[in-house]
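Structure in structure tokens, see below.
The values are calculated or read from the model by the stated rules, or taken from the named source; none is laboratory data. Computed from a prediction, not measured in an experiment: that's the story for all the values here. Reconstructed Cβ throughout: ideal geometry from the backbone, glycine too, with neighbour counts over all protein chains shown.
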Amino acid sequence: MAPAMENAAVGARLLPPMLGEGGLRRYLLVFQNPAEARGTGGMPGAYAVLTADKGSLALPEFGRDTDMAGTRPKIDLGAEFAAMYGQYDSVMTWPNSNMSPHFPYAARIWSAAWHAKSGERMDGVLSLDPGALAGLLAAVGPARMADGTLVTAANVVDLTERTNYVMYPDPVKRKAFLLNVARAAAGRLLTAAGDSQRRPALLRGLYGVLGSGQMTAWSAHANEQRELAARPVGGSVPEGPEPYAGLVVNNAAGTKLDYYLDRALEWSPGRCTRDGREVTVKAVLTNRAPAGGLPSYVTDRLDKPAHGTRKGDNRLIVSYFATAEARLVEASLDGKRPFSSPGTERGHPVYTFDVEVPRGESRTLTLHLLEPPSDRAPTVLRQRLTRPMQVTVRPGPRCAGHGA
């Protein structure tokens, strides 16, 4: 019972102030769309302003991603962040603002963007995706949109990540539809929060999505943020020497094809030597987009590739976050040596590759690394996309006598 009691204690410390015990709190609620992958899950789309005042919740404002396009956030995330993501203009470009898997970076950019847009300072940022909405709607029941469409736990992922592109070829109408889905679902959740009969079910559902990392939170209040960052709800990439394995993909084509992306990660430790523990990482990326039936908005390549492509072909920026002080010995992509762009984020060596993934095919990225000696299995970063990543962590020989 210890973990449950610890979580209850954390909730008792955090929830009263975050729900406005000491006065009005304002949060930016951002909905991510994993049909186009980003480091924290999916591209930031619709958003809402959530207020909390002595436990009373309200959603006074909703908006879409295009509302944030012209914002100029005044924020400096440091030289390391600039080296990793400056080439994508991640601070100033809303669609690229969450390429890092470290959620506090995205949250701080979003908070600064809102301040630049409105002049208002936020007390925090919350983010969720259609999978999290499915979990919450399973707890409180379906929501009905103004046009009569029923948004349920069973259909919200498909509705927001696939069906809507077929329903609305016009991007303006599609974004309006997604905004209405978000408004209806959020309204249903707020109604349940204010209903003493439904509130227990909502809290159980909320506990599930927070514990799984499907919903992430950042607080502008340092004491609260320290508590959040240490738990899955904080969405933090941990610092420290413990073994780590993080496969992160960002869509580089501008397509909405990551709904059809399968990922498999295999981590295999080898012998320990004076130089470190040998580790082999194999990442398989499979594009299961159908051969036909997809609208052009889903398949069109905004990267304008020089080589010939077919409808449904995709391109990914693939990054591997290794254990601190690890080094890459050799890399191969389908048996050929690829170009690797090295970097560092939160103490982790990061190796990034530009990978074309044709429709109906798989690409296999293999990395041979030397890591500090250890007998521990790695903490695995599980980027939340539509299809869960398959992870295999294999046992290996002990590192006795090598500083384990």
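Listed residues Ser296, Ser268, Ser212; which is in contact with a strand residue (DSSP E or B) (Cβ under 9 Å, 6 or more places away or on another chain) and polar (S, T, N, Q)?
Just one listed residue meets the conditions, Ser268.
Suppose the filter is over 20 Å from Leu128 (Cβ atoms) and among the hydrophobic types (A, V, I, L, M, F, W, C); does Ala217 pass it?
No: the conditions fail for Ala217.
Go through (1) touching a residue at least 12 places away in the same chain (Cβ under 8 Å); (2) at negative phi one by one and return the number of the condition Gly360 breaks.
All conditions are met except number (2).
Where in the range 353-404 are there strands (runs of 3 or more DSSP E), lying fully within it, with 2 or more residues that are in the same structural domain as Tyr260 (by TED's automatic domain parsing) and crowded, with 18+ Cβ neighbours inside 10 Å?
Result: 362-371.
From the list Val237, Val249, Val279, which one is at pLDDT 95 or above, more than 16 Å from the chain's Cα centre (by Cα) and buried (at least 16 other Cβ atoms within 10 Å of the Cβ)?
Being at pLDDT 95 or above, more than 16 Å from the chain's Cα centre (by Cα) and buried (at least 16 other Cβ atoms within 10 Å of the Cβ) holds for just one of Val237, Val249, Val279, which is Val279.
In addition: In the range 250-282, what residues are assigned to a strand (DSSP E or B) and either in contact with a helix residue (DSSP H, G or I) (Cβ under 6 Å, 6 or more places away or on another chain) or hydrophobic (A, V, I, L, M, F, W, C) (or both)?
Asn251, Leu261, Ala264, Leu265, Trp267, Cys272, Val279, Val281
Counting residues that are surrounded by fewer than 16 Cβ atoms within 10 Å (Cβ to Cβ), which helices (runs of 4 or more DSSP H) fully inside the range 82-172 reach at least 1?
The helices (runs of 4 or more DSSP H) meeting that bar are 103-118, 164-167.
For Leu302, state whether it is among the aliphatic types (A, V, I, L, M), within 24 Å of Gly86 (Cβ to Cβ) and assigned to a loop (DSSP other than H, G, I, E, B).
yes
Of all residues in the range 52-110, which are polar (S, T, N, Q) and either over 23 Å from Phe353 (Cβ atoms) or not assigned by TED's automatic domain parsing to the domain that holds Trp218 (or both)?
Of everything in the range 52-110, those that are polar (S, T, N, Q) and either over 23 Å from Phe353 (Cβ atoms) or not assigned by TED's automatic domain parsing to the domain that holds Trp218 (or both) turn out to be Ser56, Thr66, Thr71.
Within the range 215-249, track down each residue that is among the β-branched types (Val, Ile, Thr) and assigned to a helix (DSSP H, G or I).
Matches in the range 215-249: Val233 only.
Evaluate the range 208-231: report whether one residue or more is of a type in the set (Phe, Trp, Tyr), surrounded by 20 or more Cβ atoms within 10 Å (Cβ to Cβ), in the same structural domain as Glu36 (by TED's automatic domain parsing) and closer than 23 Å to Met122 by Cβ.
Yes.
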